[in-house]
Amino acid sequence: KGKQATMMNFFKKI
Amino acid sequence: MFEARLLRGSILKKVLEAIKDLLTQATFDCDDSGIQLQAMDNSHVSLVSLQLRADGFDKYRCDRNISMGMNLNSVAKILKCAGDKDTVTMKAQDNADTVTFVFESPNQEKVSDYEMKLMNLDLEHLGIPETEYSCTIRMPSAEFARICRDLSQFGDSMVIACTKEGVKFSATGEIGSANIKLAQTASVDKEEEAVIIEMDEPVTLTFACQYLNYFTKATSLSPQVQLSMSADVPLVVEYRIQDIGHIRYYLAPKIED
């Protein structure tokens, strides 16, 4: 149920 | 050189137990403010952010910033050799390729040292913006661990719904469905046992149970846990480590198709 998002969908690499 | 000495050595033991199953390797970034670690699990679905402040150590020296890449299973094995009451010291020469852990028994009669090779890890670092969350829930950490363990038997996803009435944890699967509702504690006499909810607006998000069960390995570090949620951003599960820092787990939600 629902697609698992990842950290890259929310946080930018620095 | 770098040297960090902690009389409460059990804290480091617990920190490694709290991250070694989720992360295989990580970099300990040390500067004069303390030790930071940020790493994602292999699937990049979750992220661990650890902070141990210099002023929480009994002795802390960091002449030059140093980043030490470590295999966390190896570190966990070494720290398992420390007694719960031992003083633990971590030290490394500048631009060294090894780190040494020294364990001293309370009566100083037994001193052990373990030297471990460091790894060259070029793990990407993510910028985590300061966020105002719509909901924050403070609750007993053992309670949260129990809920994650119980509900993960019913399904591989858990829905966390926070409203002004309280917070509801749900899971459904083959054997059926389960709901656990926690109301805000009315009379907060013992803060550590209270469920305290601050809600600007209601939030409902779905998460994979397996990661939550990895996070709850940090339960022994703090009697309380704080969950922070906003629509469509990662959940934050924070365990404060008394007088020295915190361990924060971020978990990406499952987004409706």
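The values are calculated or read from the model by the stated rules, or taken from the named source; none is laboratory data. This structure is a prediction, so every number in the text was calculated from the model and none was measured. Glycine gets a Cβ as well: all are built from the backbone with ideal geometry, and neighbour counts include every protein chain shown.
Points worth noting:
- So residue B:97, is it charged (D, E, K, R), in contact with a strand residue (DSSP E or B) (Cβ under 7 Å, 6 or more places away or on another chain) and without any contact (Cβ under 8 Å) to a residue 40 or more places away in the chain: yes
- Picking from residues in region B:36-48 that are free of Cβ contacts under 8 Å to residues at least 40 places away in the same chain and more than 9 Å from every other protein chain (Cβ to nearest Cβ), the one that is surrounded by the most Cβ atoms within 10 Å (Cβ to Cβ) is B:37.
- Residue match in region B:9-27 (condition: away from chain A (no Cβ under 14 Å), free of Cβ contacts under 8 Å to residues at least 40 places away in the same chain and surrounded by fewer than 21 Cβ atoms within 10 Å (Cβ to Cβ)): no
- Residue that is farthest from the chain's Cα centre (by Cα), among those in region B:201-257 that are of a type in the set (Phe, Trp, Tyr) and farther than 15 Å from residue B:40 by Cα: B:207
- Test: residue in region B:75-90 that is acidic (Asp, Glu), touching a residue at least 12 places away in the same chain (Cβ under 8 Å) and over 13 Å from residue B:4 (Cα atoms): yes
- Within region B:202-216, the set of residues being within 12 Å of another protein chain (Cβ to nearest Cβ) and in a strand (DSSP E or B) comprises B:204, B:205, B:206, B:207, B:208.
- Failed criterion for residue B:230 (all others in (1) more than 16 Å from residue B:146 (Cβ to Cβ); (2) crowded, with 20+ Cβ neighbours inside 10 Å hold): (2)
- Criterion (more than 14 Å from every other protein chain (Cβ to nearest Cβ), more than 18 Å from residue A:4 (Cβ to Cβ), at pLDDT below 95 and surrounded by fewer than 16 Cβ atoms within 10 Å (Cβ to Cβ)) met by exactly one of B:163, B:131: B:163
- For region B:73-97, a residue qualifies if it is surrounded by fewer than 19 Cβ atoms within 10 Å (Cβ to Cβ) and of a type in the set (A, V, I, L, M), and the qualifying residues are B:76, B:96.
- Candidate set from region B:217-236 (those that are within 14 Å of chain A (Cβ to nearest Cβ) and in a strand (DSSP E or B)); member that is nearest to residue B:162 (Cα to Cα): B:229
- Test: residue in region B:244-254 that is buried (at least 22 other Cβ atoms within 10 Å of the Cβ), within 14 Å of another protein chain (Cβ to nearest Cβ) and under 23 Å from residue B:9 (Cα atoms): yes
- Sole residue being surrounded by fewer than 19 Cβ atoms within 10 Å (Cβ to Cβ), within 14 Å of chain A (Cβ to nearest Cβ) and in contact with a helix residue (DSSP H, G or I) (Cβ under 7 Å, 6 or more places away or on another chain), chosen from B:122, B:156: B:156
- Residues that are buried (at least 17 other Cβ atoms within 10 Å of the Cβ) and more than 14 Å from chain A (Cβ to nearest Cβ), drawn from region B:49-60: B:50, B:51, B:52, B:54, B:56, B:57, B:60
- Test: residue B:192 is exposed (fewer than 15 other Cβ atoms within 10 Å of the Cβ), touching a residue at least 24 places away in the same chain (Cβ under 8 Å) and either part of a strand (DSSP E or B) or under 22 Å from the mean Cα position of the chain (by Cα) (or both): yes
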